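The values are calculated or read from the model by the stated rules, or taken from the named source; none is laboratory data. Predicted model, so just to flag it, every value in this text is computed and none were measured. Here the Cβ positions follow ideal geometry from the backbone for every residue, glycine too, while neighbour counts run over all protein chains shown. Keep in mind that these areas ignore ligands, DNA and RNA; they rest on the heavy atoms of the full protein, side chains included. Shrake-Rupley method; radii C 1.70, N 1.55, O 1.52, S 1.80 Å.
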Amino acid sequence: MKTVNGHEIIQLFEEFSPKYLAESGDPIGLQIGKLNEKVENVMITLDVLENVVDEAIKNSVKLIIAHHPPLFRPLKSLQTDSYQGRMIEKLIKHDISVYAAHTNLDVAVGGVNDLLASKLQLQEPSVLVPTYQEELRKLAVYVPKEHAGELREALGKAGAGHIGNYSHCSFSSEGQGRFLPGEGTHPHIGKQGALEEVSEEKVETVYPVSLEKKVLKAMFTHHPYEEIAYDIYSLENGSKALGLGRIGYLAEEMSLKDFALFVKKTLGMDGIRLIGDGDAKVKKVAVLGGDGNKFIGKAKRQGADVFVSGDIYYHTAHDAMMMGLNIVDAGHHIEKVMKEGVAAHLAKRCSEKGFIVNIFASKAETNPFTYM
């Protein structure tokens, strides 16, 4: 077990929600403070408001990971008698750093939209609005047969071999490897100056380019040879598309009114807005956390019976009605699912790494709306 600093926590977080998934211009990353200090308590929050900062101070938090960036627009001044200035002053005085993960967390596998799709029990969920497709590469490495199993397992744990919902995918072919160790070598098999022939496996597996360093590190760590023979190929086929929103199916068809009540209860909302005929039948559901106004056309073109999102404008609602798309506007605050989801994921990764750190979800209320 080891104590950690903010850099180590964020490095683990960015393996889950990398910055390159964010939309252009999105103000993500470290916004306030520093990451080189020891961290014992990390708090996950949807928003950074003064009551959230007070909660962090009470719990001796040194790092806040937020979905909504507190500095979304550049500051022209920092007046400490204003609401925002007072909040930032508290953060600085108590040495609390704030890191924001916005659209990258929306897009990430296991992020905001996957968490929403899971809460709504959607079957066969897929991406609603593709925004990113990563290059795939293939690794072919030659290894003695008796070490092949260990190497395949290590490559799989490093993230290689993911195809769809399958992991640890690889292919092996057997053959004879030959080499002549020269002067100054320390061969695992054979001796200097003598031609050696070894029964080997050629292990082939694929990986996304973002994992290349991790996959190659696993190969070098778990391969017995002093010099490793391996090839890397760029592939024409890309990895699974990532993006905003999810679309899938309900296990059973239900009326729009019943579905809306299910959404309200499941996502823990005090109130929702419904656009469409409450008696209409719904089966295929699109969901997108946050402001969904721009994406009603995407939901309709993909055959959604109903679109679950937030912040729907009056005229956008008219557009949805005219195109025959039902909408459940459950509000922007449904993104609060990320608090428990991210806290659980990051706590698990820290435990696997042996990090001594407490990670928890904020309990402070940040929904600005009250339903009468």
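In Å², what does the accessible area per residue of region 1-153 work out to with a 1.4 Å probe?
Numbers: 7190 Å² over 153 residues.
On a per-residue basis, 47 Å².
Considering only the chain, what is the antiparallel percent among its DSSP beta bridges, to the nearest 5? Please report the intermediate quantities before stating the final value.
Details: 44 of 65 bridges.
Looking only at bridges with both residues in the chain, the antiparallel portion is about 70 percent.
Give the span of the chain's Cα atoms along each principal axis, as three whole-Å numbers ordered largest to smallest.
Extents along the principal axes, in whole Å: 86, 53, 33.
In 5 Å bins starting at 0, how do the alpha-carbon pair distances of region 304-372 split up by percent?
Calculated over all Cα pairs of region 304-372, the distribution is 3, 13, 17, 14, 12, 12, 10, 8, 6, 4, 1, 0 percent.
Give me the log10 of I(q) over I(0) for region 62-200 at q = 0.17, 0.19 Å⁻¹, as the Debye formula computes it from C-alpha points; what are the numbers?
For the requested q values the scattering log ratios are -1.07, -1.18.
So how strong a dipole does the chain carry about its Cα centre when Lys and Arg Cβ are +1 and Asp and Glu Cβ are -1, to the nearest 20 debye?
Taking the Cα centre of the chain as origin, the dipole is about 700 debye.
Using only Cα atoms, what is the ratio of the radius of gyration of region 101-172 to 2.2 N^0.38 Å?
On the way: Rg = 16.4 Å, N = 72, 2.2 N^0.38 = 11.2 Å.
That works out to 1.47 for region 101-172.
Of the listed pairs LYS265/LYS298; LYS264/LYS339; LYS265/LYS294; LYS119/LYS336, which have alpha-carbon separations greater than 23 Å here?
Numbers: LYS265/LYS298 26 Å; LYS264/LYS339 18 Å; LYS265/LYS294 26 Å; LYS119/LYS336 12 Å.
Check vs 23 Å cut-off fails for LYS265/LYS298; LYS265/LYS294.
For the chain, what does the helix formula give at 222 nm: sum of -39500 (n - 2.57) over DSSP H segments with n ≥ 4, over the residue count, nearest 500 deg cm²/dmol?
After summing the helix terms and dividing by the residues of the chain, the value is -9000 deg cm²/dmol.
Carbon and sulfur together cover what percent of the accessible area of the chain at a 1.4 Å probe radius? If you can, show how the numbers build up before the last one.
On the way: 9820 of 19270 Å².
Carbon and sulfur: 51 percent of the exposed surface of the chain.
Mind checking which of LEU242, PRO187, GLY156 is farthest towards the positive end of region 147-273's charge dipole, using Cβ charges of +1 (Lys, Arg) and -1 (Asp, Glu) about the Cα centre?
Toward the positive end, the furthest listed residue is LEU242.
Can you quote the Å³ per residue value for the convex hull of the Cα atoms in region 1-148, rounded to an integer? Intermediate values should be presented prior to the final figure.
Values: hull volume 29.6 nm³, N = 148.
For region 1-148, the hull spanned by Cα atoms encloses 200 Å³ per residue.
Please quote Rg/Rh for region 76-126 to two decimal places, taking the Kirkwood radius as Rh and restricting both calculations to Cα atoms. If you can, show how the numbers build up before the last one.
On the way: Rg = 17.8 Å, Rh = 13.9 Å.
Looking at region 76-126, the ratio lands at 1.28.
Which whole number of Å³ per residue matches the convex hull of the alpha-carbon atoms in region 196-316? Let's see the in-between values first.
Values: hull volume 23.7 nm³, N = 121.
Per-residue hull volume (Cα only) is 196 Å³.
Which whole-number percent of Cα pairs in region 287-327 have a distance greater than 16 Å? Don't skip to the answer; put the middle values down first.
Working: 150 of 820 pairs.
In whole percent, the long-distance tail amounts to 18.
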